[in-house]
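The values are calculated or read from the model by the stated rules, or taken from the named source; none is laboratory data. In this text the structure is predicted, and so the values were computed from the model without any measurement. Glycine also receives a Cβ, built like all others from the backbone with ideal geometry; neighbour counts cover every protein chain displayed. In case anyone asks, the SASA skips ligands and DNA or RNA and just uses the protein heavy atoms, side chains included. Shrake-Rupley method; radii C 1.70, N 1.55, O 1.52, S 1.80 Å.
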Amino acid sequence: MNSGKSRGFLIKKSRPVLAGELILLVFTAFPGLPLSASEIPFHLTVRRTAEGIASPAMKMEDFRLMIDGDEAKILSVAKKRRSIALKSDLGREFILSFKAYEYSSAIERDLSTFLSEIVETSDSLCILTPEQLFRFDVSANKGSLLRRIREVLEKDFRTFREERISTESRLKRDLNGAVRVLEEDPQGFEIYRQMNLFLNVFPEQFRRYEKRFLVPDSKRFDEVLSKLGFGEGERWWIHFEEYQDPGLSEKVQAVIRDMSDHIAELGQAQQNLGEILKTSVIKLEESLSLSDAFPSKELVRVLSAHDVVFHAVFFRGDSLKEAGVESASFMNLAALYGETAAASGGAAANIGADTEGIAAVVGRVDEYFDLTFAWAGPDEKARLRVLAGGSEEGLRYADILTRAQFDARAKLYSRDKIKIEEISLEKDNLRFAVKGYVRAKEGDFGLIKIRVALQNGWDQEIFREENVMRATKEAVTIRIPLPGDLRGASRFSITVCDMLANRMTVEERDCSMKRDSP
Amino acid sequence: MTGRNRVGLWAGAMLLALRFAEGQAPDPEKAFWEGDFGAAAASFESRDEKALSLEDRLLWIEILVRTGKSGLAEEKLRGLSAGRPASSAIKSAEASVHFAFGRREEAERAVAEALTLEPVSDKAVLTRICLSLYSRDFADSERWYKRLTEMSPGIRGSALIHFLGLRIFTALGDASALRRLYEERSAWWEDRDEEYADGLKADARLFRKAAKTPFFSVVGRTEEERLPFAPAREGSRANVIVYEAGGSKYQILLDTGNRAGWTIHHPGLLHRLEGLQGGRVFSEIGTHAGLMEGTAVFVREWDFDKGFGLSGLFGIYVPKPQPDFYDANLNPAFIRNRVVALDFIERRFRLAVREAAGSDSRRPDADRPLKTPWFGDQGVYVPMKAGGRDGLALIETGARDISINLDFARGLGLPLEARTRYLAGGEPASYHVTPVTIALGSAVFERKEAEVWPFRQLMDPLTGLIPDAVIGPEALDGEFVLTLDPFENTVILERRESSPAVK
């Protein structure tokens, strides 16, 4: 690229359009957003499910939005789609989380594919191990990146495995103690004393174990996403979950059964004691029930509030490859992860001997409505309801938003960003000015991606020009020569991406392409 | 800028050699054999040149040659040899300088004189080995290599000898010798850097597994295979073949500039071909700045299509720097048992047994503007003429069009116009353009704006050889067939029309 010309784009210093130049019919398609000082244009992602009546063809007038029971004015509704496999104008944010006990060949393969085939140097990458969160700079040296990620994963998986082994052995000791009590069959108040001791302490310990090793912790998801802040680029969370044996669950279930039998056998005189024990056993039983313990709804809510698409990938560790049988609890967990993924626009997949889990999820296309409304945010928490065609059935969106979640977005949307101004069509030249992009401190340049596309009356793209340029001035004027043979009603869109700030602006206009006689 | 894809083994050696130099000024002779030319040059630069002995000044010349400063080396040599009787050491340095400039015949003469004067001159033998290697007389290079290691046991375990051995035994396809080299090197590193030693052990294991596998060989009974080039994408090279497997299409770039011979970039392809991985390597990839990390890799057999396949592919695995990069990169110049042709007219890759090799070149309107001995064990160097001056061109099908070495352009007095381009990683790179006419035999290539770059990154650190020009596939596209014959050791450029290619 030379300093003055960039493959089809003529760059000049900004100047106003000269009076008297021929301007063809051009009008603004969208009115400006009526925002008060405290309001931001809030974007809500709304997805359809199979059960609802909403159709992809629905328009703005088909939607209604209620915030804490009051109707809010919707400013725009745009139908959008995204997929990891589709090219994105802005750098994307990837969060890869792992719950695994060994760095297996399956992880190595999927991670290699991810780094080599998916992630670009403009993307950002976070790795959430069972122990901590890491942010990695994505360089072109993917081999080095893979090695560094492998090192942290190997270390943290080892720690996680050791922690699980020691926690399980502690819990097993307690369980064996309870089994001994039942076997010794103490009579009278003694059985109550000893069983109550176990039931007072064990359920809480087991719940912590379960949260740490067996089910996802939605609070942790929220913490991570809040820490990362809110950006304009797409956000993708890919979770890797290793198939695991049922752990202590089966043993605990056996103990519960034995305890229940003993309680049932307690005599009439000890009925009250039996009732107390029964309540404690039921609580323990409840915490064992994965479907109840798994906060699927809460997790979907967290992901939606942060507008993250979640994919889940399941795999076998090398040492479990031959095991064959999956535990019921893991299948339950996998199903719930699958539901979470689907609700957030993502997918779930298994890594097989010849299949890469990552390859199965990256092609998944998330289709959604981007619903925009002016909002000053909730005091603490707001409940949102969206209706499409008069019904709220079959729609998925962030139905509860907290002030902190709103503030994260407000911080982004209230900041100035790249602008497109002075748009004009003069003869066969489209001219516009680009301003407000971030410029690097060193070298004092901005990096802008510009795309101009023209569609005919049948929504067919008839012209496209795209380029990336370094801009050293505060503003640049772009002139793009359009093909001279374009006729009739058209619509053009100008997309400008500030590559350093990772933000973009799109301007769309209807226009009539006709050449005036000279 | 020309595309580059160099095996990183040498770079790895350089990095390690730097450790050798840590904390103390290195002995330049020792640093030379350890391949640490930068440190050796620095130690000379800090000293008063006039106070240096003749031996040191000649060593400095050998080092300058291998740090891309052949012009300066030649100037110093001229000053040294003037008025002095011919000695083996001077003739040896002269041979090195000639080699670095690609003056093969002069280098041959000088090295012969040096060895006549002193048959045990280690530098002269080193140049002799490299000349045989580049002339593709691999058995001869092995003989001289053995002689060097026997007559100079002190340098036997050095990095330079190690990497020289790798080049020779890779060319010979001698897996046992390669395994021994890696085991010896690993033992040397054992107490110094355990992790690096482990990587070398992993490489040795690869060669153990390859004991009976012919290197870079076509497997199959057919006399001839013709693989069509993939339809060229906008801005991409023509010389890409497609391997289809398991519902995926992998794009393989045929790149005569790939010094590793074989590079896998797609992890899925690595898995599908059951590629075995060895120790860490570093390599330069395309126009990406810096060294990319990867591993050594060995593919025992690759069933490409309908009984046709390739065996014994040694090389490197380097994950793609960006997702739209090629999935693999194969250097056709490494194929040992077939005459290979990159047909830029019919847009196909042709592999033929020796007997069938001539059948495709009987085009009624074909002529052969260039038929020359093949120079280069890892690439394709051919003689060229530009501005009335002889030079050496590298046919580099991983590059783009024609580009010129800055020193060569300056030597010709070509007008240079400055330009800037942003590389794949976003770093600005300055270069020039110039009008130039290059002749390869009777094929004339005229460019109004050929790119001019400093070609130091194309330098072979073993010899300091830097090509004067690079001929990329865009120069050949639609007009030429490039044939590489490993039996006759010839390079043939065939074309349909004889008009000069003006772009």
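In the set A:K435, A:K427, A:K473, only one residue is more than 14 Å from chain B (Cβ to nearest Cβ) and within 24 Å of A:R92 (Cα to Cα); that residue is A:K435.
If you filter the stretch A:283-308 down to residues that are of a type in the set (A, V, I, L, M) and modelled with pLDDT of 80 or more, you find that the one that is nearest to A:R207 (Cα to Cα) is A:L299.
Report yes if some residue within the stretch A:54-68 is within 14 Å of chain B (Cβ to nearest Cβ) and either exposed (fewer than 14 other Cβ atoms within 10 Å of the Cβ) or of a type in the set (D, E, K, R) (or both); otherwise report no.
At the first step, the residues of the stretch A:54-68 found to be within 14 Å of chain B (Cβ to nearest Cβ) are none.
So far as the stretch A:54-68 goes, no, none of its residues is within 14 Å of chain B (Cβ to nearest Cβ) and either exposed (fewer than 14 other Cβ atoms within 10 Å of the Cβ) or of a type in the set (D, E, K, R) (or both).
A:A501 satisfies every condition listed in (1) touching a strand residue (DSSP E or B) at 6+ places or on another chain (Cβ under 7 Å); (2) open to solvent by 30 Å² or more (accessible area, probe 1.4 Å) except (1).
Would you point out the residue of the stretch B:80-99, among those that are modelled with pLDDT under 90 and in a helix (DSSP H, G or I), that is surrounded by the fewest Cβ atoms within 10 Å (Cβ to Cβ)? Lay out the reasoning, then the answer.
Start the filter on the stretch B:80-99 by keeping residues that are modelled with pLDDT under 90, which leaves B:80-86.
Checking the rest, the ones that are also in a helix (DSSP H, G or I) come to B:80-81.
Working: B:L80: 18, B:S81: 16.
Residue satisfying both the conditions and the ranking: B:S81.
Specify the residue that is nearest to the chain's Cα centre (by Cα); the eligible residues are those in the stretch B:37-79 that are polar (S, T, N, Q) and open to solvent by less than 50 Å² (accessible area, probe 1.4 Å). Reasoning before the result, please.
In the first step, residues of the stretch B:37-79 are kept if they are polar (S, T, N, Q); the result is B:43, B:46, B:53, B:67, B:70.
Then drop every residue that is not open to solvent by less than 50 Å² (accessible area, probe 1.4 Å), which leaves B:43, B:67, B:70.
Working: B:S43: 28, B:T67: 16, B:S70: 18 Å.
Filtering first and then ranking leaves B:T67.
Take the stretch A:307-318 and flag every residue that is touching an Asp or Glu at 6+ places or on another chain (Cβ under 8 Å) and open to solvent by less than 20 Å² (accessible area, probe 1.4 Å). Of everything in the stretch A:307-318, those that are touching an Asp or Glu at 6+ places or on another chain (Cβ under 8 Å) and open to solvent by less than 20 Å² (accessible area, probe 1.4 Å) turn out to be A:V309, A:A312, A:V313, A:F314, A:F315, A:G317.
If you check B:K385, B:K371, which single one turns out to be at pLDDT 95 or above, away from chain A (no Cβ under 14 Å), surrounded by fewer than 21 Cβ atoms within 10 Å (Cβ to Cβ) and within 26 Å of B:G478 (Cα to Cα)?
Details: B:K371 fails: at pLDDT 95 or above.
Testing whether each residue is at pLDDT 95 or above, away from chain A (no Cβ under 14 Å), surrounded by fewer than 21 Cβ atoms within 10 Å (Cβ to Cβ) and within 26 Å of B:G478 (Cα to Cα) leaves just B:K385.
At least 2 residues being touching a residue at least 24 places away in the same chain (Cβ under 8 Å), closer than 30 Å to B:F282 by Cα and within 14 Å of another protein chain (Cβ to nearest Cβ) is the threshold, and among the helices (runs of 4 or more DSSP H) wholly inside the stretch A:121-233 those reaching it are A:142-184. Here A:E108 meets each of (1) surrounded by fewer than 21 Cβ atoms within 10 Å (Cβ to Cβ); (2) within 14 Å of chain B (Cβ to nearest Cβ); (3) free of Cβ contacts under 8 Å to residues at least 40 places away in the same chain with one exception, condition (3). Only residues that are touching a Lys or Arg at 6+ places or on another chain (Cβ under 9 Å), buried (at least 16 other Cβ atoms within 10 Å of the Cβ) and aliphatic (A, V, I, L, M) were counted in the stretch B:413-443, giving 6.
Take the stretch A:360-387 and flag every residue that is within 28 Å of A:S112 (Cα to Cα), surrounded by 19 or more Cβ atoms within 10 Å (Cβ to Cβ) and not basic (K, R). Break it down into steps so the answer makes sense when it comes.
Applying the first criterion (within 28 Å of A:S112 (Cα to Cα)) to the stretch A:360-387 yields A:360-367.
Retained after the next criterion (residues that are surrounded by 19 or more Cβ atoms within 10 Å (Cβ to Cβ)): A:361-362, A:364, A:366.
Scanning the stretch A:360-387 gives A:V361, A:V362, A:D366.
Note on the stretch A:200-219: among residues that are over 30 Å from the mean Cα position of the chain (by Cα) and polar (S, T, N, Q), the one that is surrounded by the most Cβ atoms within 10 Å (Cβ to Cβ) is A:Q205. Inside the stretch A:388-426, residues that are surrounded by fewer than 20 Cβ atoms within 10 Å (Cβ to Cβ), in a strand (DSSP E or B) and among the hydrophobic types (A, V, I, L, M, F, W, C) make up a count of 3.
In the stretch A:297-313, what residues are closer than 10 Å to A:W237 by Cα and more than 11 Å from the chain's Cα centre (by Cα)? Correct list: A:A312 only. Condition check for B:P267 on (1) within 21 Å of B:P473 (Cα to Cα); (2) of a type outside the set (V, I, T); (3) in contact with a Pro (Cβ under 8 Å, 6 or more places away or on another chain): one failure, at (1).
For every residue, the table says whether it meets (1) within 30 Å of B:L313 (Cβ to Cβ); (2) open to solvent by 50 Å² or more (accessible area, probe 1.4 Å); (3) within 17 Å of the chain's Cα centre (by Cα); (4) not charged (D, E, K, R).
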position	(1), (2), (3), (4)
B:E118	no, yes, no, no
B:C130	yes, no, yes, yes
B:S135	yes, no, yes, yes
B:A139	yes, no, no, yes
B:W144	yes, no, no, yes
B:S152	no, no, no, yes
B:G165	yes, no, yes, yes
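Mind listing just one residue for me: the one in the stretch A:88-105 that is within 20 Å of A:D366 (Cβ to Cβ) and open to solvent by 20 Å² or more (accessible area, probe 1.4 Å) and, of those, nearest to the other protein chains (Cβ to nearest Cβ)? Among those that are within 20 Å of A:D366 (Cβ to Cβ) and open to solvent by 20 Å² or more (accessible area, probe 1.4 Å), it is A:S88. Going through (1) open to solvent by less than 40 Å² (accessible area, probe 1.4 Å); (2) within 14 Å of chain B (Cβ to nearest Cβ) one by one, A:A78 falls short only on (2).
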